[in-house]
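To keep things clear, I will list the structure first and then write my remarks on it.
Any read-out appearing in this document is the output of simple, stated calculations on the displayed coordinates, not a laboratory observation. No experiment lies behind these values; they were computed from the predicted model shown. Reconstructed Cβ throughout: ideal geometry from the backbone, glycine too, with neighbour counts over all protein chains shown.
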Amino acid sequence: MNDPLMTVLKKVNFIFGKGLDEKELIKHRKFIERLGQLAAPKDDLIVEAFSVGDINCESVTPELAHNPEYVILYAHGGGYNCGGLNYSRILAGKMALSTGFKVITFDYRLSPENTYPAALDDCMAMWEYLVTDKYAPDHIIVAGDSAGGNLALCLTQKLKEKELPLPKGLLLFSPWTDMTCSSHSYETNRDTDPILTKEYVLSAAKAYVGGLGELSDAAFSPIYGDFNGFPPVYIMAGKNEILLDDSRRLKECIEKADGTVSLDIEKNGWHVYQLFPIHIAGRAMKRLSKTVTGLIYKADRTR
C-alpha cells in the first residue's frame with residue numbers, strides 16, 4: 001500500500017477505533033457519507049430513485065451489456081449504525097459494471113435508533129418487493145458487505161425458516177458473521193487492520209442487538225444458524241482484517257452442511273478493500289464477475 005493511501009486508512013481506523021457514543025456516531029456517519037460521494041463510480045451507469053413503502057431505494061443499472069433477467073439485491077455495510085444510498089452506490093456501481101446486472105440498494109433503518117429486527121424487516125420487505133411479479137427468486141442474487149453481509153445471511157436463513165424459495169446465490173464482502181467478536185483474527189490482525197478495531201465492532205453489535213438477546217443468537221450471528229440447503233456463497237475477504245476468521249468460519253460451516261462456498265482472500269487486502277479505487281479492487285471485481293457468470297450460466301445449462 002502506498003503512503004497516501006495508508007494515511008487515509010489510518011485515519012479511518014482512528015474514526016472507527018473508539019466506541020459508539022453520540023459524538024463518535026456523528027463522525028462515523030459523516031465519514032461514510034463523504035466516502036460514498038467521493039468513491040462511487042459515476043460513468044456508464046443509470047441511477048434511479050424509488051421507494052418501497054417507507055424505504056428509500058435506488059436501482060443502479062449499467063448503460064451497456066445489461067442482462068435484465070437477473071438482479072442483485074445489495075445490503076450496505078456500516079456496522080448497522082451508518083451508511084445509506086450514497087455509500088451503497090460504491091459497490092452497487094462496481095457490481096453493476098462487472099456483472100451487467102441491475103443492482104437494487106435500499107436505505108434500511110439504522111441502530112441505535114432502530115434496533116433488531118428493523119434492518120432485517122426492511123431487507124425482507126425488499127425481497128418481497130422483488131419476488132412479487134418482478135423476479136423469480138432464483139433470478140435474484142443477494143449481496144452485502146460487512147454488516148450488509150450479516151444481513152444477507154440472516155435474510156437467507158429467515159427465508160429458509162419460513163420454507164420460502166431462496167436466492168440464486170450470495171456475494172459477501174468481508175461479512176460480519178459472529179457478533180460475539182470471538183474470532184482469533186481479532187487478535188492476530190489487531191495491528192494490521194487499518195479499518196476496524198474490536199472495541200468499535202463490539203459496540204456496534206451491542207447497539208444493534210439493543211439488549212434483545214445474546215450476541216451468539218443466530219438471529220444476530222448467522223454463523224450459528226442453519227446452512228443446510230443454502231444457496232451457493234462467494235466470500236471475499238482481506239488477509240489483514242480482524243474479521244477474516246468470520247469468513248473462514250462461515251466457509252467451514254457451509255462445507256459441513258455440504259453446501260457450495262468459495263472463499264477469496266486478498267493477501268494485500270483489508271476490510272471491504274473493494275470500496276477503494278485501487279488495482280486490487282479492480283482485480284477483485286473481475287474475479288467476482290467470473291464467479292457470477294459461472295453461477296448463472298452453469299445453472300442455466302442444467303435446466
Exercise for review: Please sort 20-27, 217-224, 188-195 by packing, taking for each peptide the average over its residues of neighbouring beta carbons within 10 angstrom, highest first.
Suggested key: 217-224, 188-195, 20-27
Practice item. Measure off 7 Å from each Cα along the Cα-to-Cβ vector at Glu48 and Arg34, then give the distance between these two points in nanometres to one decimal. Key: 3.4
Review point. Roughly what % of Cα-Cα distances in the chain sit above 34 Å, to the whole percent?
Key: 12
Check your understanding: Okay, helix-only estimate at 222 nm for the chain: each DSSP H run of n ≥ 4 adds -39500 (n - 2.57), divide by all residues, round to 500 deg cm²/dmol; what do you get?
Key -> -13500 deg cm²/dmol
Study note, to complete from the structure: The lysines whose Cα lies under 25 Å from the Cα of Lys168, excluding any fewer than 8 residues away in the same chain, are Lys94, Lys102, Lys134, Lys158, Lys160, Lys251, Lys256, Lys286, Lys290, Lys298
Review point. Does the range 163-298 come out rounded, prolate or oblate, given a ≥ b ≥ c as the square roots of the eigenvalues of its C-alpha gyration tensor, rounded meaning a/c under 1.5 and, failing that, prolate meaning a/b above b/c?
Key: oblate
Check your understanding: What is the calculated FRET efficiency for Ile278 to Asn228, with r their C-beta to C-beta distance and R₀ = 30 Å, to the nearest 0.05?
Key -> 0.20
Point to revise | Built amide H within the under 5 Å cut-off of Met236, gap 5+ | key: Leu172, Phe173, Ser174, Asp264
Exercise for review: Please state, to two decimals, what the Cα-based radius of gyration of the range 161-207 comes to when divided by 2.2 N^0.38 Å (N = residues).
Suggested key: 1.53
Exercise for review: Could you calculate the FRET efficiency of Lys162 with Arg287 from 1/(1 + (r/R0)^6), where r is the beta carbon distance between them and R0 is 30 Å, rounded to 0.05?
Suggested key: 0.35
**Study point:** Leu110 long-range amide H proximity, modeled H, under 5 Å
**Key:** none
Point to revise | Prolate/oblate/rounded call for the range 6-163, Cα gyration tensor, a/c under 1.5 rounded | key: oblate
Check your understanding: Going by average Cβ neighbours within 10 Å, how do the peptides 136-148, 275-287 rank, with the highest at the top?
Key -> 136-148, 275-287
